[in-house]
Amino acid sequence: MDKFTTHTGTAAPLRRSNVDTDQIIPAVYLKRVTKTGFEDGLFAEWREDEKFLLNQPEYRDATILVTGTEFGTGSSREHAVWALKDYGFKAVIAPRFGDIFRGNSLKNGLLTVELPEAAVEELWLLAEVRPDAEVTVDLVACEVRAGDRTWGFEFDEFLRWRMMEGLDDVALTLRDEDKIAAFESNRDAWRPRTLPAAV
Amino acid sequence: MSRTPQEAEETRPRTLAEKVWDAHVVRTGGQQPDLLYIDLHLLHEVTSPQAFDGLRQAGRKVRRTDLTIATEDHNTPTDNLFTIADPTSRKQIETLRANCEEFGVRIHSLGDAEQGVVHVVGPQLGLTQPGMTVVCGDSHTSTHGAFGSIAFGIGTSEVEHVLATQTLPQAKPKYMAVTVNGSLPEGVSAKDLILKIISITGTGGGKGHIVEYRGQAIEELSMEGRMTVCNMSIEWGAKAGLIAPDQATFDYVQGRAHAPQGEDWDAAVEYWRGLKTDEGAVFDKEIVIDAASLSPFVTWGTNPGQGIELSGAVPAPEDFEDPVERTTAANALTYMGLEAGTPMRQIGVDVVFLGSCTNGRIEDLRTAAEVIKGRKVADGVNMMVVPGSAKVREQAIAEGLDRVFIDAGADWRFAGCSMCLGMNPDQLTPGQRAASTSNRNFEGRQGKGGRTHLVSPAVAAATAVTGRLASPADL
């Protein structure tokens, strides 16, 4: 996974709430068997509208998506995160995220930051008035900065460390392989097994 | 004698979900989240290819092939069992088959007697049992909570993690109770109940919580009804939803292919009987609902929280105090092509979809068949009936339900996810309106530009007959 410490870029103000993962990437784009190449599916239906935010030249190079609450609810598709990353986004700021989406994002080096509605509103206004305004998302200091404004955010200490180090969960877990084996040796014998197939 | 804090902790009253959680902790403490052991890992073709790729790249194996099972459902056609016309869909299915072959994972492919929607297949095989941890790269994994298990959807990175380690690191959740007092009135189903709950909480109301559904109305539900309720836990943002196992649960599991037998059965049931929330256990939050006040419930908007009684009318954006909800409602009405104030019963539909992991089980087909028997699907309405699994289809045929649907003019299909998410050719066309027994009315979910009203199987069947949203009482 890519390490994430701090990122400075411009912001795209997506004034919508309840953006579910079906909106982020519709199901017809989920058929690839690779982990890359999902950028064409990002907000695919909305992008057909020439007035849609990401079709405006001033937001084409934005790397920080600022959006309304309940972003990434619904389907567990990690493709939603891959699509945002492949398109060029490094961070998403919203008041609240769907749990599975948030977990997925942090496993792929896409930083998702929760800021209160009022801060999101300020960032929306800033990006609307000055699309070229720089916004910094700083995971080291747990701060979002824009102009003379600074907002702190909370972030789980373990997840922060993992993200800053770019660590792979599987490798971390396998350090405790002995504990997994010990747990397995104590499991009840009647617990179901898929093999051999009993049908 | 005074107890140490640790002893006090161990004997403290616990909720059902805490008991299941605690029984699966491989590692706890320190800065890292708890590491949970996973009892059952379900796979399908959409969210697994990149996970298997990850294993290959790292030279890893599937740790417990005997706790892993795959089925093909999202992309499979429902008009035949042999030809997947779309090459990218076919490629995804073929990739799953090749991965299962390479890594030694059991798979039920298109045409197999046990193929079907992954969340219908697990319980049907008796692989879903009380007190387990169940995961799948699909958010509707919460379905399996109906058996008193902690079951939740995961992303592809987590699928890879479970394949490699049979565990998942998980931050401790909060616990919530939804208590439904009294009995559901005649004609009100599990689907109406859960749609009502989501309309109260909104799409984010359950965030971070494992929810226990309890109370008389829940206890009176069949296992199919309990699965419908737990299935839609994710639609209000809950981590998982579960229901304490009881005799109905044991009766459902007993005798199934992978159910414990003989002495094992006795040992299992003894353990399962202890899987309930202790007297005095504390939930972080509780919602109480009076079942007697409920009536058939449907959605009008573009998220599952935007619902209302079938007897109601399309709300106006101004009805919502919260500015975010107001904007969301205005967007939803535009997308849905609806005018505020229109009675829900006057909304005409083009398509009726009966199926999915929410309402594609035998009881759902029976309910709909009972309503539609001897009647006809309205002119201009296409009713599609898609059993949740090949086994459900077989049973429905044995009971003659297929004839009921076919005689009424409905389209009787093979098993799969189908129009619930429109990955296969079963899709709405732009502007088409559907009454659907599935779980999501998101924009474009059932096909680009398609408009979805979520309904129960009984409402779906009645709607097919009248061509407008209706309940059996209207016929």
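The values are calculated or read from the model by the stated rules, or taken from the named source; none is laboratory data. Only a predicted model underlies this, so the values are computations on that prediction, with no experimental measurement involved. Here the Cβ positions follow ideal geometry from the backbone for every residue, glycine too, while neighbour counts run over all protein chains shown.
Give the residue that is nearest to B:GLY126 (Cα to Cα), with candidates limited to residues of segment B:300-314 that are surrounded by fewer than 19 Cβ atoms within 10 Å (Cβ to Cβ) and aliphatic (A, V, I, L, M). Ranking the candidates gives B:ILE308 first.
Kindly indicate whether any position in segment B:57-77 is more than 27 Å from the chain's Cα centre (by Cα) and without any contact (Cβ under 8 Å) to a residue 12 or more places away in the chain. Within segment B:57-77, one or more residues are more than 27 Å from the chain's Cα centre (by Cα) and without any contact (Cβ under 8 Å) to a residue 12 or more places away in the chain. Is it the case that some residue within segment A:78-95 is under 14 Å from the mean Cα position of the chain (by Cα), within 22 Å of B:ASN331 (Cβ to Cβ), within 13 Å of chain B (Cβ to nearest Cβ) and surrounded by fewer than 23 Cβ atoms within 10 Å (Cβ to Cβ)? Yes, segment A:78-95 has at least one match. Annotation: B:GLU321 fulfils all but one of (1) farther than 19 Å from B:GLU443 by Cβ; (2) modelled with pLDDT of 95 or more; (3) among the acidic types (Asp, Glu); (4) not in a helix (DSSP H, G or I); the unmet one is (2). Just one of the numbered conditions (1) more than 27 Å from the chain's Cα centre (by Cα); (2) in contact (Cβ under 8 Å) with a residue 24 or more places away in the chain; (3) closer than 30 Å to A:PHE158 by Cα is not true of B:SER48: (1).
Mind checking whether some residue in segment A:122-134 is over 19 Å from the mean Cα position of the chain (by Cα), in a loop (DSSP other than H, G, I, E, B) and without any contact (Cβ under 8 Å) to a residue 24 or more places away in the chain? Yes, segment A:122-134 contains at least one residue that is over 19 Å from the mean Cα position of the chain (by Cα), in a loop (DSSP other than H, G, I, E, B) and without any contact (Cβ under 8 Å) to a residue 24 or more places away in the chain. The set of residues in segment A:155-199 that are surrounded by fewer than 16 Cβ atoms within 10 Å (Cβ to Cβ), closer than 30 Å to A:LEU115 by Cβ and facing chain B (nearest Cβ under 8 Å) comprises A:ASP156, A:GLU157, A:PHE158, A:TRP161. Applying the selection to segment B:254-299, what residues are assigned to a loop (DSSP other than H, G, I, E, B), within 14 Å of chain A (Cβ to nearest Cβ) and either surrounded by 16 or more Cβ atoms within 10 Å (Cβ to Cβ) or touching a Leu at 6+ places or on another chain (Cβ under 9 Å) (or both)? Scanning segment B:254-299 gives B:ARG256, B:ALA257, B:HIS258, B:ALA259, B:PRO260, B:LEU275.
Identification of strands (runs of 3 or more DSSP E) wholly contained in segment B:13-67 with 2 or more residues that are within 7 Å of chain A (Cβ to nearest Cβ) yields B:25-27, B:34-37. Looking for whichever is under 24 Å from B:LEU421 (Cβ atoms) and away from chain A (no Cβ under 14 Å) here; the options are B:VAL178, B:VAL135, B:VAL229. Which one fits? None of the others qualify; the one that does is B:VAL229.
Against the list (1) modelled with pLDDT of 95 or more; (2) farther than 17 Å from B:ALA151 by Cβ, the condition B:PHE82 fails is (1).
The residues on offer are A:THR36, A:THR73, and the sole one that is in contact (Cβ under 8 Å) with a residue 40 or more places away in the chain, surrounded by fewer than 17 Cβ atoms within 10 Å (Cβ to Cβ) and within 13 Å of chain B (Cβ to nearest Cβ) is A:THR36.
Results for (1) at pLDDT below 95; (2) surrounded by fewer than 22 Cβ atoms within 10 Å (Cβ to Cβ); (3) among the aromatic types (Phe, Trp, Tyr); (4) part of a strand (DSSP E or B), shown as yes or no for each residue.
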position	(1), (2), (3), (4)
B:GLY416	no, no, no, no
B:PRO430	no, yes, no, no
B:ALA434	no, no, no, yes
B:SER438	no, no, no, no
B:GLY449	no, yes, no, no
B:HIS453	no, no, no, yes
B:ALA458	no, no, no, no
B:THR463	no, no, no, no
B:ALA473	no, yes, no, no
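Those strands (runs of 3 or more DSSP E) of segment A:1-103 in which 1 or more residues are touching a strand residue (DSSP E or B) at 6+ places or on another chain (Cβ under 7 Å), of a type in the set (A, V, I, L, M, F, W, C) and over 29 Å from B:THR201 (Cβ atoms) occupy A:6-14, A:64-67. For segment B:305-355, residues that are touching a strand residue (DSSP E or B) at 6+ places or on another chain (Cβ under 8 Å), under 24 Å from B:SER189 (Cβ atoms), small (Gly, Ala, Ser) and in contact (Cβ under 8 Å) with a residue 40 or more places away in the chain total 3. The set of residues from segment A:107-121 being under 30 Å from B:GLN32 (Cα atoms) and either more than 19 Å from the chain's Cα centre (by Cα) or assigned to a loop (DSSP other than H, G, I, E, B) (or both) comprises A:LYS107, A:ASN108, A:GLY109, A:LEU110, A:LEU115, A:PRO116.
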